[in-house]
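The values are calculated or read from the model by the stated rules, or taken from the named source; none is laboratory data. Just so it is clear, the structure is predicted and the values come from calculations on it, not from any experiment. Backbone-built Cβ (ideal geometry, glycine too); neighbour counts: all protein chains shown.
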Amino acid sequence: MAEFVLGIDLGTSNSVAAAERPDGPEVLVDAEKRGPQPSIVSFHPSGSVLVGHEAKRRRLIDAENTIYSAKRLIGRPFSSPEVQKIAKQMPYPMVGGDNDQTIIEVRDQRLTVPEVSAFVLHHMKVIAERTLRQTVNKAVITVPANFNDAQRNATLAAGEIAGLDVLRIINEPTAAALAYGHGKKMDRKVLVYDFGGGTFDVTILEIHGEVFEVLATAGDTYLGGDDFDVLIMDRMVAQFLEQTRYDARQDGAAMERLRSVAEQVKCQLSGQGRSVVQVQELAYGPDGAALNLDFVLQRDDFEKLAEGLVDRTFAICDEAFKLAQIPINVVDEVALVGGSTRIPLVRESVRSYFARAPLATINPDEVVALGAAIQGASLLAAVAPPPSLPTASAPQTTLQGRGMPAIPPAPGETRPPPPPKPRPLLLDVTPMSLGVAIVGGYAKVIIPRNAQVPAEQMEVFSPGADGQTSVSFRICQGESQRFEENTELGELILAGLRPAARGEVKIEVTFEIDTNGVLKVHAKDETTGRMQDATIKLRGELGASEMSDAFERIGPGGGA
Ligand code: AMP
């Protein structure tokens, strides 16, 4: 039986799984034929865990125990400004755990963010297994191009917790380019404009046949479809306050309903010029009377609200062109990816910024998962033994050619196996500079932004005191010269050093960013040549015991 590798687009709002079938990559659908599944996990009072569409329904009535947008939190320490900001907006409670982990408290459980994402990944695995009628344990998971090391590690951890062997983490825009360009013998520069639920990414690639080389990538992990929803929601809250004197911001359940209605309004305005909604019994007045919201939004008004967010995407495109050192007019194609590219204002703005009609031949919701599936099949082919050769004795003469029907083999006849499909080669880059803290509060760049991965760089470190046997350095990712203005990843710890006078021991530390975009280090004593203990202690990372335990404790939920 053929083995499959799942391509999973683990999205902020929705997740999609795909697999490469003999006829090409295909999105795997649930029993109701739905591909995208809401990335939502709800903890039911009965103890069961609902994932996907069922969880989305629960969100309206049990917001405190229904977790969504976990991708905005993944790989971020609890004390980070981003988590602190989200914690104020989300109806589910969050606290800081060991090592500054972000812990979500639902019912009587404490969950880490990778555990929440593991429920989503497991749900996708169950759907895939149902469609493919076999167990699937391997996956390629996509992440936003500008996810940092901690976010990639946390995504890998989520895959592991869900029982998946994650063969590779690939960047969403690169996966999309693969879906567009694989097998097409292209020779073009393609820009992928990826505007999803929570993140915006832009990647410029050069595609030569099966070589997909990223020239530059830039993005914002805090710019997505959710932000449009918030703008509409704010309008609704203001209007409701004016009409009823009821402040919905104090009411978590009302806010959840408004968030959901705001998203509907936004999606409606992609297809029509005006959206009219009534939200019944949004709240109750002091006399117990139901308070309804009647809300009308014209597309023009929405566009005025949304303009600022859309403009931000082009500032990021400008940044990508600067990094790639190419002018805008050398781009041959612009590919749209992500649900937010359905917004007419986004499409129009893309068309006018790039002065060309964007490509949208593949469903923007599915293109990333399809690309991941192509990469998965290619990784599998790279390790699978070649098909055994046939024992045919006589050379074959076949009349196959363009338009000629395939001639079935005669009984007992064997044919050479079909030539292997060309395998794509992805040459991606690291989205952020990797640095270490140096004196004066500065960061020294070790591996610069946009370096092709895998990337490797060696640095020599020396303990600062006599007899010192261990030394640690703070490491970060980001572009600021000031360490504190970057994202601190954690600490690099060199231990078991040979005690010697200050300056005598020199440790060569090799930093490597692998093809997953994940940081690895190894260290060697320059004089003795002995390998040294070098570990990276990431802020907010899971301990090994936590990885295995909580998911099993609660049990994976949600059928397909
Ligand atoms: P993704 O992360 O690619 O699944 O994109 C999800 C985002 O796309 C969410 O914010 C959705 O509200 C948004 N979205 C999906 N369909 C539409 C639509 N027709 N119009 C506007 N936004 C949409």
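Here are the numbers for this structure:
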| item | result |
| --- | --- |
| Some residue of segment 112-128 being assigned to a loop (DSSP other than H, G, I, E, B), touching a residue at least 24 places away in the same chain (Cβ under 8 Å) and either touching a helix residue (DSSP H, G or I) at 6+ places or on another chain (Cβ under 6 Å) or of a type in the set (D, E, K, R) (or both) | no |
| Contacts under 7 angstrom Cβ, first residue in segment 332-359 being over 18 Å from I204 (Cα atoms), partner in a strand (DSSP E or B), 6 or more apart | S340/F195; V346/F195 |
| Segment 253-269, subset of a type outside the set (D, E, K, R) and within 14 Å of D234 (Cα to Cα), residue surrounded by the most Cβ atoms within 10 Å (Cβ to Cβ) | L258 |
| Subset of segment 351-377 [part of a loop (DSSP other than H, G, I, E, B), of a type in the set (V, I, T) and either within 13 Å of the ligand (Cβ to nearest atom) or buried (at least 20 other Cβ atoms within 10 Å of the Cβ) (or both)] | I362 |
| Scan of segment 239-274 for residues that are of a type in the set (S, T, N, Q) and touching a residue at least 24 places away in the same chain (Cβ under 8 Å), ordered by number | Q239, Q243, T244, S260, S270, Q272 |
| In segment 225-236, the residues that are surrounded by 20 or more Cβ atoms within 10 Å (Cβ to Cβ) and either at pLDDT 95 or above or in contact with a helix residue (DSSP H, G or I) (Cβ under 7 Å, 6 or more places away or on another chain) (or both) | G225, F228, D229, I232, M233, M236 |
| Residue satisfying all of: in segment 478-495; assigned to a strand (DSSP E or B) and either of a type in the set (G, A, S) or out of contact with any Lys or Arg (no Cβ under 9 Å at 6 or more places or on another chain) (or both); modelled with the highest pLDDT among these | R482 |
| Sole residue being more than 16 Å from the ligand (Cβ to nearest atom) and surrounded by 14 or more Cβ atoms within 10 Å (Cβ to Cβ), chosen from Y222, Y246 | Y246 |
| Residue selected from segment 1-27 under the condition at pLDDT 95 or above and away from the ligand (no atom under 16 Å from the Cβ), by the criterion surrounded by the fewest Cβ atoms within 10 Å (Cβ to Cβ) | E26 |
| Candidates D318, D332, filtered to the one that is away from the ligand (no atom under 16 Å from the Cβ) and closer than 22 Å to I343 by Cβ | D318 |
| Given (1) surrounded by fewer than 16 Cβ atoms within 10 Å (Cβ to Cβ); (2) more than 15 Å from the ligand (Cβ to nearest atom), index of the condition Q272 fails | (2) |
| Among the candidates L241, L305, L223, residue that is among the hydrophobic types (A, V, I, L, M, F, W, C) and in a loop (DSSP other than H, G, I, E, B) | L223 |
| Of all residues in segment 156-210 being within 15 Å of the ligand (Cβ to nearest atom) and part of a helix (DSSP H, G or I), the one that is nearest to F314 (Cα to Cα) | P173 |
| Odd one out for R57, checked against (1) in a helix (DSSP H, G or I); (2) under 30 Å from E485 (Cβ atoms) | (2) |
| Residue satisfying all of: in segment 516-560; in a helix (DSSP H, G or I) and in contact with a strand residue (DSSP E or B) (Cβ under 7 Å, 6 or more places away or on another chain); modelled with the highest pLDDT among these | I554 |
| Residue list for segment 28-45, restricted to those being within 14 Å of the ligand (Cβ to nearest atom) and under 30 Å from D108 (Cβ atoms) | Q37, P38, S39, I40 |
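Residues checked against (1) among the charged types (D, E, K, R); (2) surrounded by 15 or more Cβ atoms within 10 Å (Cβ to Cβ):
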| residue | (1), (2) |
| --- | --- |
| E479 | yes, no |
| R482 | yes, no |
| T487 | no, yes |
| E491 | yes, yes |
| G496 | no, no |
| G503 | no, no |
| V509 | no, yes |
| D514 | yes, yes |
| G517 | no, yes |
